[in-house]
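Working notes for the structure below.
The values are calculated or read from the model by the stated rules, or taken from the named source; none is laboratory data. Worth saying up front: this structure is predicted, and the values here are computed from it rather than measured. Using ideal geometry, Cβ is built from the backbone for each residue, glycine included, and neighbour counts are taken over all protein chains shown. Ligands, DNA and RNA are excluded from the accessible area calculation, which covers all protein heavy atoms including side chains. Shrake-Rupley method; radii C 1.70, N 1.55, O 1.52, S 1.80 Å.
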Amino acid sequence: MATMEELRKKYEVVIGLEVHAQLKTKSKIFCEDGTEFGLEPNSQSSPISLGMPGVLPILNKAVVDMGILTGLALNCEIPEFCKFDRKQYFYADLPKGYQISQFDKPIAINGSIKIDGKTIGITRAHLEEDAGKLVHAGADGIAGSSYSLVDLNRAGTPLLEIVSEPDIRSSDEAKAYVEELRNIVKYIGVCDGNLEEGSMRCDVNISVRPWGQKEFGTRAEIKNVNSFRALQRAVEFEIDRQIEIVEEGGQVVQETRLWNEAEGITKSMRSKEEAHDYRYFPEPDLMPLQISKEWIERVKSTMPELPEQKRQRYIDKGLSEYDARVIVEQMETALFFDQVIDKVSNIKTALNYLMGDITAYLKENKININETKLTPERLVGLIDLIEKGTISNNIGKKIITIMLETGDHAKDIVEKQGLSVISDDSAIREIAQKIVDANPEQVEAYKGGRDKLFGFFVGQVMKETKGRANPQVINDILKELLS
Amino acid sequence: MKDDLIFKTASAQRKALLAKEISAKELLDLTYERIEKTEPQVESFNSLTKELAYETAKCVDEKISKGENLPLLAGVPLALKDNMCAKNSFTTASSKILANFKSPYNATVVEKLNENLIPIVGKANLDEFAMGSSTENSATKTTKNPWNLNKVPGGSSGGSAAAVAACQSTLALGSDTGGSIRLPASFCGIVGIKPTYGRVSRYGLIAFASSLDQIGPFARNVEDAALLLGAIAGHDKNDQTSIDLPVADYSKALNTDVKGLKIGFVKELLSEGTQPEVKAAIEAALKSYEAMGAEIVEVSIPHVKYSIGVYYILATAEASSNLARFDGVKYGYRTQEAESLIEMYKKTRAEGFGDEVKRRIMLGTYALSSGYYDAYYKKAQQLRTIIKNDFDKVFEKVDLMVTPTCPTTAFDIGSKSSDPLAMYLMDICTITSNLAGVPAMSIPCGFDNDGMPIGLQLIAPILGEETMIKAAYSFEQANDFNKIAKL
């Protein structure tokens, strides 16, 4: 009996992703309701978003701009003509009984992005409205609940659904693709890119086929994948599930499956036969959109630096590929880094601070760098002090925390707390002599061959100087005194 | 003398108001007295909106006493078809599913009526969700034709037309998806205009078929109808299908200068199926135009034979979607007993919608279903374009087209209700202008042997309302068919 690991080698995995990005407009896609998250249920609503009789949609142009911008960032074509369609199904969170979406003429087509040098095709990106939310009383889901409440605050929030080609071949690639997509939408400012909070959601289409087979295997669509970890686990689980079926001579069923995070498995939700007939037809309440070259150019002119370009620029500045990738993953920190990169005396030191102590601090406090009091100028000041040798790196690490919390200048903190490096050799020599004199036994032992005791002396001197002495100077003086 | 004012036109009522012969409040009092007296026979209204109407009348009287400028139709009573939303009042679409629904907002036309200080006296009956040609498909009541209470008023805006014909109001608004203003105008012997698609905002009109629906005026003469159209027309940011062009001053079109006007009569729509008196009346009308100096030519809309089929696919497809929101979740009727969400939907809609509405939802759902879309919806859209092209071609040659509004006069209540197809054929002359998006109107042009009114339909090119109104006004001036029904 072959192990799963061996079986996996026999099959090629084919994955395509549908990612819904919630667009960060101030108002909804078809009315003037706000889009702010977490407000009183149904407070962000109007006759239009409630689907009252007689209301009509009014297209928010900012949504179209964001659709175009994202399309361009994903290297898509923006067709001259696009239109909206109605996708019809009944559900209590869908006030009109249909969702306004784009069926056959989406805002962006034929794009691609690169992940680790590999190109992943983007079939299309289309605009649509989000549904509302059901709150089931007395239970997590509808089962076991005595009644359900409808909150339509989210109904009508703009979404961009980005559909990839089936170019993805592993859970790692799936993760890398979604990460890069998230980076892009975040950097161009159209989406928060937060999977956990639902501002980005993804559905995974997945199939397996024996290596060399031309046709795709039958695919299953996995929904409810709410984190990068869930994405990878769900894909891994699904690959094994499908391989087992095929190995046992069975047929994978085309169906929609739900990822169950707690159980770590996917479960069938509905089969192809039960699939909705959405009865798409052109939305008669909205005119088709003519997108002129001028419109596209105007949007293009607002395009910021994309993650890929940023990484390359960092590498050109001497950062390692790894460092470049890691910092670009944290957008706020990278944008902060951009403001120090041309001013700072040592880029590497600045990067170490950003990726080390500062990142640790941010993670601990669950904030981003803009929510601290540290400014790019002050960080430049700190790095200058270190580079000039005014303070040691150890002292730098201590005062960066103070700077993050108070926003004080490094220089002022150093002066106030007397933290500058003791550069006067004679002062250090005096302290070192005192320590040697006070510890005759250790001196004997050291001289008798216990080399490790050297560290003890260094530590004592450091302690006495409160870390302000230059370690190299301490080393030199102690070696001389102990010889 | 004063009491007769409710039988007069808006301009006569305006004169009396400005001369302080009567106050707007008194005019309303008389209107409501008339309604109270005639409503048991005619049954035009689903509900009265007295509070709203008297509030507007009060504003009118204040303005008059202060000597301030008064909008042209200020104080002139109007009946609103009950598929247009007026804030805090019942808006039922004559359906059980909206029986207790009060709109939380105003339709754009209602805002415009308010700006123009036109009092809304009540919400007029209609075929449920405007689906029908006789107003018999109403879940609330059966409106009668004021000319003969055994006959239908036409539909779907039957309540609006009957109210104006019965002098329960001077003006009314209706909506026209396939003839729903013109047909009842014709049956009730009054004037009804379906404007160019997009000329009047649809915001707040409960949608039947979005790409065909258009709100328009009813009145007892062309002038009043033209002024009311002027009051409600215009671009609206709340309706992206509304036309962003200035509205013409329709009062300037109220002249009789039709010399040299080229009028085409559509040969396909004056065929053997037409009631003889109707045919005769139309032919007489053409002669009348000729006598006024217009040039009459025969024109053809070759694809008109497909229009009923095209219409009933497109209109029902859109309706099946537009009516999905009536699901018992948010407002309106909800079934009393259901064990699950799906069951609640099914029972609510089964109990809440009438037969004709259900029939059309089913037709439309079928036409949009996967596997049938290309054969029905898509093909119908293609034919719609071809019919539009037919119109464009004709309008290269003529300024207006003329047809009967309906091949027959008003029929007996109950005589066609078991035969939906016969009912659908009532719309043969009116449907094509909705498909083409062009303006069209019906004006009285005679009476049949039983004294029932006959309607003449004028059809103009896109935004050709002025020409159309001019021709209608000229006909009205040269003839004497605008009569008041005796009740």
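Tabulated values for the structure
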| item | result |
| --- | --- |
| Unique residue being within 30 Å of B:Ala209 (Cβ to Cβ), more than 14 Å from chain A (Cβ to nearest Cβ) and out of contact with any Cys (no Cβ under 6 Å at 6 or more places or on another chain) when the list is B:Leu70, B:Leu126, B:Leu98, B:Leu78 | B:Leu78 |
| Cβ-Cβ under 8 Å pairs, at least 6 apart or on other chains, the range A:53-69 side away from chain B (no Cβ under 13 Å), far side of a type in the set (Gly, Ala, Ser) | A:Ala62/A:Ser27; A:Gly67/A:Ala108; A:Gly67/A:Ala125; A:Ile68/A:Ala108 |
| Residues of the range A:275-313 classified as without any contact (Cβ under 8 Å) to a residue 24 or more places away in the chain and surrounded by 19 or more Cβ atoms within 10 Å (Cβ to Cβ), total | 2 |
| Any hit, the range A:145-159, residues being away from every other protein chain (no Cβ under 11 Å), in contact with a Cys (Cβ under 8 Å, 6 or more places away or on another chain) and part of a loop (DSSP other than H, G, I, E, B) | yes |
| Residues satisfying the stated conditions in the range A:180-225, i.e. in a strand (DSSP E or B) and either under 13 Å from the mean Cα position of the chain (by Cα) or not β-branched (Val, Ile, Thr) (or both) | A:Met200, A:Arg201, A:Cys202, A:Asp203, A:Asn205, A:Ser207, A:Arg209, A:Pro210, A:Ala220, A:Glu221, A:Lys223, A:Asn224 |
| Positions within the range B:333-342 being without any contact (Cβ under 8 Å) to a residue 24 or more places away in the chain, within 22 Å of B:Asn100 (Cβ to Cβ), away from chain A (no Cβ under 11 Å) and open to solvent by 20 Å² or more (accessible area, probe 1.4 Å), in sequence order | B:Arg334, B:Gln336, B:Glu337, B:Ala338 |
| Close pairs (6 angstrom Cβ cut-off, 6 or more residues apart or separate chains): more than 7 Å from chain B (Cβ to nearest Cβ) in the range A:88-103, surrounded by fewer than 17 Cβ atoms within 10 Å (Cβ to Cβ) and part of a loop (DSSP other than H, G, I, E, B) anywhere | A:Tyr89/A:His276 |
| When residues of the range A:444-470 are limited to those that are over 27 Å from A:Arg378 (Cα atoms) and outside any helix (DSSP H, G or I), the one nearest to the chain's Cα centre (by Cα) | A:Lys452 |
| Selected residue (criterion: surrounded by the most Cβ atoms within 10 Å (Cβ to Cβ)) from residues of the range B:188-207 that are more than 11 Å from chain A (Cβ to nearest Cβ) and not in a strand (DSSP E or B) | B:Cys188 |
| Some residue of the range B:267-282 being open to solvent by less than 60 Å² (accessible area, probe 1.4 Å), away from every other protein chain (no Cβ under 14 Å), at pLDDT below 95 and not in a loop (DSSP other than H, G, I, E, B) | yes |
| Hits in the range A:5-37 (condition: among the hydrophobic types (A, V, I, L, M, F, W, C), within 25 Å of A:Cys202 (Cβ to Cβ) and modelled with pLDDT under 95) | A:Phe37 |
| Criterion: over 27 Å from A:Lys398 (Cα atoms) and part of a helix (DSSP H, G or I) - qualifying residue of A:Glu441, A:Glu430 | A:Glu441 |
| Scan of the range B:108-159 for residues that are open to solvent by 10 Å² or more (accessible area, probe 1.4 Å) and either of a type in the set (Phe, Trp, Tyr) or not in a loop (DSSP other than H, G, I, E, B) (or both), ordered by number | B:Thr108, B:Glu111, B:Lys112, B:Asn114, B:Glu115, B:Trp147, B:Asn148, B:Lys151 |
| Failed criterion for A:Glu261 (all others in (1) surrounded by fewer than 14 Cβ atoms within 10 Å (Cβ to Cβ); (2) more than 14 Å from every other protein chain (Cβ to nearest Cβ) hold) | (1) |
| A:Lys463, sole failed condition from (1) farther than 30 Å from A:Glu371 by Cβ; (2) touching a helix residue (DSSP H, G or I) at 6+ places or on another chain (Cβ under 6 Å) | (2) |
| Any pair with Cβ under 6 angstrom, 6 or more apart, that starts in the range B:313-332 at a residue that is without any contact (Cβ under 8 Å) to a residue 60 or more places away in the chain and more than 7 Å from chain A (Cβ to nearest Cβ) and ends at one that is open to solvent by 10 Å² or more (accessible area, probe 1.4 Å) and of a type in the set (Val, Ile, Thr) | B:Ser320/B:Ile361; B:Ser320/B:Thr365 |
| Residue list for the range B:348-362, restricted to those being more than 13 Å from chain A (Cβ to nearest Cβ) and not small (Gly, Ala, Ser) | B:Glu351, B:Phe353, B:Asp355, B:Glu356, B:Val357, B:Lys358, B:Arg359, B:Arg360 |
| Members of the range A:107-121 found to be touching a strand residue (DSSP E or B) at 6+ places or on another chain (Cβ under 8 Å), more than 24 Å from A:Phe81 (Cα to Cα) and without any contact (Cβ under 8 Å) to a residue 60 or more places away in the chain, listed by number | A:Thr119, A:Ile120 |
| The range B:210-254: number of residues that are in a loop (DSSP other than H, G, I, E, B) and either within 14 Å of another protein chain (Cβ to nearest Cβ) or at pLDDT below 95 (or both) | 14 |
| Filter pass, A:Gln88 being among the polar types (S, T, N, Q), within 26 Å of B:Ala209 (Cβ to Cβ) and within 30 Å of the chain's Cα centre (by Cα) | no |
| Residue under evaluation B:Asp61, criteria (1) touching a helix residue (DSSP H, G or I) at 6+ places or on another chain (Cβ under 7 Å); (2) not in a helix (DSSP H, G or I), criterion not met | (2) |
| Condition broken by B:Ser320, with the remaining ones in (1) within 30 Å of B:Ile97 (Cα to Cα); (2) in a loop (DSSP other than H, G, I, E, B); (3) in contact with a Lys or Arg (Cβ under 9 Å, 6 or more places away or on another chain) satisfied | (2) |
| Residue check for B:Phe7: under 21 Å from the mean Cα position of the chain (by Cα) and surrounded by fewer than 16 Cβ atoms within 10 Å (Cβ to Cβ) | yes |
| Residue in the range B:296-312 that is open to solvent by 10 Å² or more (accessible area, probe 1.4 Å) and within 14 Å of another protein chain (Cβ to nearest Cβ) present | no |
| Hits in the range A:317-368 (condition: assigned to a loop (DSSP other than H, G, I, E, B), under 18 Å from the mean Cα position of the chain (by Cα) and crowded, with 16+ Cβ neighbours inside 10 Å) | A:Gln330 |
| Hits in the range A:17-52 (condition: away from every other protein chain (no Cβ under 14 Å) and touching a helix residue (DSSP H, G or I) at 6+ places or on another chain (Cβ under 6 Å)) | A:Val19, A:Ala21, A:Leu23, A:Thr25 |
| In the range B:101-122, the residues that are within 13 Å of chain A (Cβ to nearest Cβ) and of a type in the set (Lys, Arg) | B:Lys102 |
